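Derivation of every value follows stated rules applied to the coordinates shown; laboratory data play no part. Just so it is clear, the model here is predicted, and its values are computed rather than measured. Positions of Cβ are generated from backbone atoms using ideal geometry, with glycine treated the same way; all protein chains shown enter the neighbour counts.
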Amino acid sequence: MQESIAISKALTDEQILATRDVMRQLRPSIAVEAYLPTVRRMMNSDAYQLAALLDHSVVRAVAGYRFMEMLYCGRVLYVDDLNTDNQRRSSGFGKLLMDWLKSEATAHGCAELHLDSGVQREQTHRFYFRERLTISAYHFRVRL
């Protein structure tokens, strides 16, 4: 990894807020003022974790994730959110963060990394395929 690039967990309010603009590119429905309390609530109730890739101390990519255990596959790292700044796509930041997530999964005893991705995100899916992720299931939902 280049000296100007670092990946770390966002733990303080300041670090979490630094991820907001890049995360909101992926999740624009989260209001600016709701971002910090929502992330904090998810961290406290669901063990949500947030990682940021910084280039020269500027957030360029973010990942929200959690560790889970499921009967069919065991312990996994589940990626809720993964986004590279729209202005910095194809700069290698997504790959660096994905590699970090895979290492994080392995370090925590996970046999697999899982994520869901909206069907409309074709460019993102090409990236996932290059990273050796496969489509292994359909994800169904119903609004209540």
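Tabulated results
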| read-out | value |
| --- | --- |
| Residues T38, T84, T134 arranged by fewest to most Cβ contacts within 10 Å | T134, T38, T84 |
| Residue range of the chain that is longest and free of trypsin sites (Lys or Arg not before Pro) which are both DSSP loop and sparsely packed (at most 13 other C-beta within 10 Å) | 1-120 |
| Candidates S103, S45, S117: whichever shows maximal mean-square fluctuation once the chain is modelled as a Gaussian network with Cα springs under 10 Å | S45 |
| Neighbour-count ranking [beta-carbon atoms within 10 angstrom, fewest first] of H114, H56 | H56, H114 |
| Relative contact order of the chain, defined on C-alpha pairs under 8 angstrom at six or more residues apart (%) | 20 |
| Cα-based shape type of region 1-119, given that a ≥ b ≥ c are square roots of the gyration tensor eigenvalues and the cut on a/c is 1.5 | oblate |
| A107 paired with R126, simple spin-label distance in nm, labels 7 Å along Cα-to-beta-carbon | 3.2 |
| Two-site label geometry, M42 and H139: point separation in nm, points 7 Å out along Cα→Cβ | 1.1 |
| Qualifying GluC sites (Glu not before Pro) in region 1-81, DSSP loop, other Cβ atoms within 10 Å at most 13 | E3 |
| Exposed-site-free run, longest, the chain (rule: chymotrypsin sites (Phe, Trp or Tyr not before Pro); DSSP loop; at most 13 other C-beta within 10 Å) | 1-71 |
| Net charge dipole size for region 5-130 [Lys, Arg +1 and Asp, Glu -1 on Cβ; Debye, nearest 20] | 260 |
| S29/F67 FRET efficiency (R0 22 Å; Cβ-Cβ; nearest 0.05) | 0.30 |
| Theoretical FRET efficiency, 1/(1+(r/R0)^6), r = Cβ-Cβ of S117 and A6, R0 22 Å, to 0.05 | 0.25 |
| Residue exposure sequence - M42, M98 - by fewest surrounding Cβ within 10 Å | M42, M98 |
| The chain: calculated mean residue ellipticity at 222 nm from DSSP helix runs of at least 4, using -39500 (n - 2.57) | -11000 deg cm²/dmol |
